[in-house]
Amino acid sequence: MTRPLVLAVTRRTLRKNKYIDYLGEYHLDLLIRAGLLPVMIPVAEGTTACLPQYIEGMAGLLLVEGEDLEPTRYRARNADLSYIEDTHPLKDEIEIQLTRHALRHDLPLLAICRGSQLVNVVCGGTLYGDVQKQKRSEIKHRDPDHSDTYRHLVQLVPGTPLAHWYRRKTIRVNSYHHQGIRRLARRFTPMAYAEDGLIEGYYDPAAAFLVGLQFHPERMLADYKGNWRVWKAFGSAVRICHSKR
């Protein structure tokens, strides 16, 4: 079987004196399991010049977590600027170029955490600089001391792909973010909301597959069968798209 290529940007950072891989084995294992061939793109000087070669065989795009998006990339309010934490302009640029290519060619795109924020921004949406502080939310959207076990409730919108994959009205999701979607780009339809009203999932009904999730299904596979169904649906969409080329 010839597996279609899915591009994903890799980067390592230091958090609490421990190295963290934003693109990890969670993601790569699931891409292989879904019948895809992951191609990792480094965040390195010179990578942007290599992007035309990377995208030659690109059949899908996976965007995952990372630093805050540069506020110059969207219509940030003055209040947002005071909450910006670490950014990485080169990672922004690489992922934005890949996203625009995927959108132009209607390639399947799965965007998780920061990835969902970036796609929203590329399509004209905006972000909160800090969800917790600006929404004055009682819900924790990140809990650094309990990152692996913390969950909060999310309401799924009936009739959306997310409701179909999970086959539930509500789920409890993990949460590692402090930025979040303020205004959703017009092309997208919400699929899930936190109890404070924050959009936790969206999709483009007109696209082959374009899904943005604020939470991480790959990091809570044992919680719900729907977590795997998200990745399975992405794999199916990539293979179908690839077969038509």
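Has region 76-96 got any residue that is among the basic types (Lys, Arg), within 18 Å of ARG183 (Cβ to Cβ) and touching a strand residue (DSSP E or B) at 6+ places or on another chain (Cβ under 6 Å)? No, region 76-96 has no match at all. The residues on offer are LEU127, LEU69, LEU103, LEU109, and the sole one that is at pLDDT 95 or above and touching a strand residue (DSSP E or B) at 6+ places or on another chain (Cβ under 7 Å) is LEU109. All of THR149, THR170 fail the test of being at pLDDT 95 or above, open to solvent by 20 Å² or more (accessible area, probe 1.4 Å) and more than 27 Å from LEU7 (Cβ to Cβ), apart from THR170. The set of residues in region 77-94 being open to solvent by 90 Å² or more (accessible area, probe 1.4 Å) and of a type in the set (Lys, Arg) consists of ARG77 alone. Taking the criterion of being within 17 Å of the chain's Cα centre (by Cα) and open to solvent by 60 Å² or more (accessible area, probe 1.4 Å), the only residue of region 122-146 that qualifies is ARG142.
In region 55-76, is there at least one residue being charged (D, E, K, R), within 22 Å of THR189 (Cα to Cα) and surrounded by fewer than 17 Cβ atoms within 10 Å (Cβ to Cβ)? Yes, region 55-76 contains at least one residue that is charged (D, E, K, R), within 22 Å of THR189 (Cα to Cα) and surrounded by fewer than 17 Cβ atoms within 10 Å (Cβ to Cβ).
The values are calculated or read from the model by the stated rules, or taken from the named source; none is laboratory data. Note that the structure is a prediction, hence the values are computed from the model and not measured. With ideal geometry, Cβ positions are generated from the backbone for all residues, glycine too; neighbour counts draw on all protein chains shown. When the accessible area is computed, the model is the full protein with side chains, heavy atoms only, and any ligands, DNA or RNA have been set aside. Shrake-Rupley method; radii C 1.70, N 1.55, O 1.52, S 1.80 Å.
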